[in-house]
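Okay, so here's the structure we're looking at.
The values are calculated or read from the model by the stated rules, or taken from the named source; none is laboratory data. Predicted model, so just to flag it, every value in this text is computed and none were measured. Backbone-built Cβ (ideal geometry, glycine too); neighbour counts: all protein chains shown. Ligands, DNA and RNA are excluded from the accessible area calculation, which covers all protein heavy atoms including side chains. Shrake-Rupley method; radii C 1.70, N 1.55, O 1.52, S 1.80 Å.
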Amino acid sequence: MQQLKRGVVLALAAAGLLSACGGGGGGGESDSGLTPTPAPSAKTLSGTAATGAPFVGTVTIKDANGKTKEASIGTDGSYSVDVSDLVAPFVLRAQGKTSSLYSAATLNDLNKAVNITPLTDLIIANIAGGPAETLFNGTSIQAVTQEALAKQADLLRGRLIAVLRNLGLPENTDLLHSPFKADQTGLDALLETLSVQIDYSFSVASIRNVLTGDQIRDDLLDPDDADVLADPGVDLSAVKRDLVGVNELFAAIGAMVKSITTQSGLSSTDLIPKMGAFISDDYVNDGELKPDVLSSTLKTDSIWALRNKPERLVSADPVGKRYCFQFPNWNAKIKLGSTWDRDQFASCVGKDKDGSWKFVGNGRLVDFKVMTYSSSVPEGNRIENGIAFGVRETMHRSYYVVISGPGLPAAGLPMTNDMNGINNPFADASWYHFDIANDKRSVYNTSAGLDLTKVEKGARYTATIYARQGDPQPIAVYQSALKVKPLSDAEIAADPSRFFPVLTSSTSMADLRPPAPLALTWAQPKLTKIVSGYIRSELSSPGSGSTISGFSQNLNRPYLQDPTSYQFGFGDTYARSSAQVWLNAVDRDGRNFRVFKNLDGSAVKWSLF
C-alpha cells in the first residue's frame, strides 16, 4: 500500500468529541537559487496557528534562499517572527509533537495576519499539487506567488461559502489573512466545524462538515475543481448545543464501563440494567431491538469498545434530534445504530421520550448499500466486473429482497437471506448475508447480465424488503446511491495490473504450516492501494471447520510497514486441507478490486463471481 503520509482532523471542541491532529512535515534547508526580493522596513510575519483550538508547537519560516527562523507559538495560538534578514517568498510551518500545518506568504503579506490552519495547509497543497511540505522542503518555492495564493484561497472560500453564511461569517472572509482568535468565534468557528483529511498517496483531500456529515472532495491534481460543500440546512449552533448533551451520554457510558471492567465476577444480571439505561425502549437498528442489543453487549470486547469516544459525526438531524457518530472499533460488534463503513462503526443517538439522550438505532429493519466491485483470479485469467449489493439484517426478521435500478433486469434482482458472509465484498462484516437468489454471491456482474452502459455515478438502487418470499406486501423499502461510476470491462481488461495486486510469492499448501506465519507478497498496483487481505483455510480433521486470518486498515491510518507483503498468523497447529487468500484494493475514486488465489492450485469456486 502506498503510504498515507498525513491526515489532518479539525477538532470538534465544542462537543469534546474529537481532538485535533495532523502529521507530516520536516526540517531541512535548500537553496532555491532565486534572486532575493529584499523585505521592506516591516520586519515581522505574524498571525494565528489553530485547528479549532490553539496549535501547540513552534513556527518555522523558510525564505526564498532556504534560510529559516523559528519562534514558539503562544498558548492562544498567536505567533510572530522577525523576518528582517529573510527574503520573500516565504513558506511557514507550524510543527507540533505529532503534526504539522503549512502556510505561505509573499512580500505583500508583511504586516498582515498570515494564518496557519488546516485550511491554509490545503491551499498550499493545491498550489504544490501534493504535500504542502514539498514547498517547504524542496526547491519549488517559486510556486508561491501572490496570484497563486489568492486563486486557491478564493476557490476554497467559494467551496465553503454556504457554511460561512450559516455561521454568520462574512462571505469575503480571507482564509489566509483574516485576523482571528482561537476562541471558537470568527474564523475559529469555521475551523471547529470542518474536518480536512488529505490522502497524499492518491493526492485527494476531503472536506467534511463535522456537524452535519456533509463532505466534498478536493483533487490536488486539479487546481480548478470546485465542488461546493452543501448548505447545512440546519442551525449549526443548535447542533453544537445538542452535542454537549450527547457528549455527556458518552461520558456516562465510559464511566460505567470503566467501573465494570475494574470489577471481578460481574454477572449479566449486573450489566443488563446498567447498559439498558442508555438504550431507548423504542430502539430499532437493522432489525435489532433493545433486548437483542443487551444480549450482544455482554461480550467483553463490546464492553471495552464502548469506552472509545466517537471519532466523528456522520450525520446530524437537530429537528428530529438524531445524531450518528463513527467509532474506531467496529470489530466490537456493538450494534447501536450501525451505518457500517468499511472498518469503522457508526452509532446513532437521539432524544428519548423522557427527554434524555440515548442510543436509538438507525430506525431501519435492514441496512442496504451498493458499491462498484471487480474481482480477478490469476489462474485462467478470469476477471469479473459489476456492482455489489450489501443487505444486512442481523436478526433474521426478513428473508427476501428485490433490488431494482439502472442496469438490472426489468423484474428486479431477487436476493435471499442465506449467506454466511464469508465471501461478501462488504466484508469484513459477516452481517451482510443476503446473496442473489440461486447464486452464492452478492455481486451482479456483466457476465450475468448487468448493463454497465446504464450505470452512472449517483445511480440509485431500491431494495424492497419482504419478510418471506411470496408475501404480498413488503415490510420496508430503502434506497442507496452508487458513489462512483464503474469502469467498463474494456478499461479493466486493457491492463488489469493497474488495478489488481499481482501475487508474487510462490505460496502453496506446502508453505502453510501453522503456527508458523504465512508470508504473502504482491506487486503494488499502479492505480489502487491495498486496504485488506485475508486467508481462509479448512482444517484437515472432518467437521473441524475453517479459520480466517488477515488484516484491514483505515485509509487514513495505515499500519502496513511494507506495502507489498504481509505475514498471516495462525493461533493453532492444525493441518489444513485447503486455503484461499484474497487481497482487497481501492482506487482514488473508491472503486473496489479483489484478487483471489487457491493455495492448493484448484480453481476458485466461491469467489463471488
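Descriptive notes on the structure:
- Taking all protein chains into account, the per residue accessible area for region 87-207 stands at 31 Å² (1.4 Å probe).
- For region 146-193, the set of GluC sites (Glu not before Pro) satisfying both a DSSP loop assignment and a count of at most 12 other C-beta atoms within 10 Å is given as E171.
- Accessible-area rank, largest first, for V319, V163: V319, V163, with all protein chains present and a 1.4 angstrom probe.
- Area accessible to solvent at R468, 1.4 Å probe radius, in Å²: 120 Å²
- Rounded percent of accessible protein surface that carbon and sulfur make up, region 106-246, 1.4 Å probe: 49 percent
- Backbone N under 20 Å from the D174 label point (7 Å along Cα→Cβ), restricted to region 115-129: 115-127
- One decimal place: the segment T58-A490 gains 150.3 nm when fully extended, by the rule 0.36 nm per residue minus the C-alpha distance.
- Dipole-positive endmost among L194, L155, F180 within region 146-204 (Cβ charges, Cα centre): L155
- Straightening the chain between K181 and R382 buys 66.5 nm, computed as 0.36 nm per residue apart minus the Cα-Cα spacing.
- Given K454/K483; K457/K597; K43/K97; K62/K151, the pairs whose alpha carbons are separated by over 19 Å: K457/K597; K43/K97; K62/K151
- Residues A467 and K440, FRET efficiency given R0 of 25 Å [Cβ-Cβ distance, rounded to 0.05]: 0.65
- Only Lys, Arg (+1) and Asp, Glu (-1) charged, at Cβ; region 33-139 dipole about Cα centre in debye: 60 debye
- Protein-only accessible surface at a 1.4 angstrom probe places the residues H396, H177 in the order H396, H177, largest first.
- E384 - accessible surface, heavy atoms, 1.4 Å probe, Å² rounded to 10: 40 Å²
- Sites K353 and K483, calculated FRET efficiency, Cβ-Cβ separation with R0 41 Å, nearest 0.05: 0.70
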